[in-house]
Amino acid sequence: MVKTESTSSKSGDNEGTLPTWAEEEIKSVQFGQPEILTRTGYILDIYEKEFKIDIQLYEALPDSRTIIEGLDVPRSMKIADFMKGFVYEFKIKMFKAPLSTTLVQLLKKNFELEMDAIYRFELQEMQMMDVESDVAATTSTTLGEGDDNGEF
């Protein structure tokens, strides 16, 4: 019985499994030249040993996503200094590899998945934004205005 399952899985006759040709295409995709994107957001999770982070972006990427999981971090950066929850400006290299029309149709038909490319992301640089001091300045200005009117 196990042999039958693996045979049908490789042939791709079962819905829910990829045929061998589709797996091979996905494994051998060719990424084009990277596009450099600048976005603001914050770190959701840090994987120090793998040199990867998950980030939430305030501005969507061209494919409409706002979360990047497993963003590659250059080994030259001190990942131990990264902090979750703080606002950063990220410069990200986005690599795109288009999929064949046949594979796009298979993914749509068998998996109800609208996907025409595979993306890979690398962090190029990041800089922490000074958002908290802007909030503190606004708060102190607001408090000061109330004092001028004789209100507490």
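Table for the structure above
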quantity	calculated
Cβ charges +1 (Lys, Arg) and -1 (Asp, Glu), total dipole of the stretch 29-131, debye	240 debye
Taking 109, 78, 91 and counting other C-beta atoms within 10 Å, the order from fewest to most	78, 109, 91
Inter-probe distance in nm under a simple model that places probes 7 Å from Cα toward Cβ, at residue 129 and residue 104	3.3 nm
FRET efficiency for residue 30 and residue 54, using Cβ-Cβ distance with R0 set to 30 Å, rounded to 0.05	0.70
Flagged links, alpha-carbon separation over 21 Å, of 27/49; 52/84; 49/78; 52/109; 27/108; 49/96	27/49; 52/109; 49/96
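Rule-based calculations on the coordinates, nothing more; no lab input. The shown structure was predicted, so the numbers you read here are calculated from the model rather than taken from an experiment. Here the Cβ is made from the backbone with ideal geometry for all residues, glycine too, and neighbour counts use every protein chain on show.
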